[in-house]
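Data first, discussion second: the structure below is written as structure tokens.
The values are calculated or read from the model by the stated rules, or taken from the named source; none is laboratory data. Please read these numbers as outputs of a predicted model, since none were measured by experiment. Counting neighbours? That spans all protein chains shown, and the Cβs are built from the backbone with ideal geometry, glycine included. Note: areas computed on protein heavy atoms with side chains; ligands, DNA, RNA excluded. Shrake-Rupley method; radii C 1.70, N 1.55, O 1.52, S 1.80 Å.
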Amino acid sequence: MDIAKNTTSVSLIDPFGRSINYLRLSVTDRCNLRCTYCMAEDMTFLPRQQILSLEELRDVAAAFVELGVEKIRLTGGEPLIRRDIIKLVSSISCLPGLKEVTMTTNGMLLPKMAHSLKDAGLARLNISIDSLQADRFKEITRNGDLAVWHSGICAAKKAGFAKIKLNAVILAGFNDHEVLDLARYAVDNELDISFIEEMPLGAISSHERATTQISSEQIRQQLAQEFSLVNSLETTGGPSRYMQVIDSPTKIGFISPMTNNFCESCNRVRMTAEGRFLLCLGNEHSMDLRDILRRYPGDDGLLKSKILEALQSKPERHHFDPNRTDIVRFMNMTGG
Ligand code: SAM
Ligand code: SF4
């Protein structure tokens, strides 16, 4: 078959029969924070000309949607520091066939941007928070101001975002004693929250990742001291499982890439900010789509055929070991 000319009705099925309908699209590797588990302290960021332009990001998004992607999450680095991010949300949210555009953000710029994001068609927000104590928040993020984060949450609610989800990476010895506080905050504010196991992505010097590991099961046991939780049927595919807090709208998610491998139900792929189509978070299988975009501008058929070709190299699963940094790519370069 001439794939390039016959891709409109082709869906993204990988060699293991998994159907891919979710793209995480990184719009920048830069960030206004420096979370210790995500980045080294002195990071070198990509030169701007190596980052996909707004038009290139939109073309990539359109190609994936034509191939069957139904949900796109904009991420980074910090997506809200990308110039013209509102324009990008507008241009992607109206792609025919796309069910929703969502975003993962650290929330620091939401006070001034939440309304415009909502107006541009952003459906949902995940907002990261690892500590509700101002000094620890500053320590983990290296320069974050918790008061600004709180204003961001207020702005997002005021703008009308429903189903806001918090993301918390829990590190033993740093913020594991805040698990109940974080969950209480979510319940009191009718938000969802996911607890994430730290992954060994990129070499850091702030701590030994092997010593800060804490499993989702340990976190669940802490939560069970205070909350009645039942399994929820909700799933986004990939390595997350949800529980419902009884008598509350809050759902608690457990993202367990280290202790519970759910790769068999993986439904997602990623595009890095420099246009690398990354097939798996924990492996380096990828294809340089920026090269295709820049050498053959406007050739949607070729772009789609390259996406289908690359999908054939999606690995079956990841193999993370907290004692080893096999993947030198930091999370901000990956598109979390
Ligand atoms: N800057 C935005 C934010 O922080 O929400 C979006 C990008 S950030 C890379 C996406 C998510 O990845 C955040 O929730 C962050 O806490 C998480 N993350 C970063 N590094 C991680 C790591 N090594 N292991 C697990 N999660 C990580
Ligand atoms: Fe920035 Fe998000 Fe990484 Fe923190 S986790 S340094 S906010 S990209």
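Tabulated values for the structure
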{"item": "Residues of the chain: accessible area per residue with a 1.4 Å probe, Å²", "result": "42 Å²"}
{"item": "Sequence-separation-based contact order of region 220-323, relative, with Cα cut under 8 Å and 6+ spacing, percent", "result": "19 percent"}
{"item": "Heavy-atom SASA rank of Arg294, Arg82 (probe 1.4 Å, accessible area, largest first)", "result": "Arg294, Arg82"}
{"item": "For Gly275, net neighbour charge (Lys/Arg +1, Asp/Glu -1) across residues whose Cβ lies under 9 Å away", "result": "-1"}
{"item": "The chain, accessible surface, carbon-and-sulfur percent (1.4 angstrom probe)", "result": "50 percent"}
{"item": "Exposure rank, largest accessible area first [Lys158, Lys314; 1.4 Å]", "result": "Lys158, Lys314"}
{"item": "Area of Asp176 that stays accessible when all protein chains are in place (1.4 Å probe, Å², to 10)", "result": "40 Å²"}
{"item": "With DNA, RNA and ligands ignored, accessible area of Tyr185 (1.4 Å probe; Å², nearest 10)", "result": "40 Å²"}
{"item": "Helical mean residue ellipticity (222 nm; -39500 (n - 2.57) per DSSP H run of 4+; nearest 500) of the chain", "result": "-8500 deg cm²/dmol"}
{"item": "Net charge over other residues, Cβ less than 13 angstrom from the Cβ of Phe195 (K, R count +1; D, E count -1)", "result": "-4"}
{"item": "Nearest-10 value in Å² for the accessible area of His115, using the 1.4 Å probe", "result": "100 Å²"}
{"item": "Placed amide H near Ile170: partners under 5 Å, 5+ positions off or other chain", "result": "Ile196, Glu198"}
{"item": "Largest to smallest accessible area among Arg73, Arg124 [probe 1.4 Å]", "result": "Arg124, Arg73"}
{"item": "Net charge, Val65 excluded, C-beta distance under 12 Å - Lys, Arg +1, Asp, Glu -1", "result": "-1"}
{"item": "Cys with no candidate disulfide partner in the chain (beta-carbon separation under 4.7 Å rule)", "result": "Cys31, Cys94, Cys154, Cys263, Cys266, Cys280"}
{"item": "Relative contact order of the chain, defined on C-alpha pairs under 8 angstrom at six or more residues apart (%)", "result": "23 percent"}
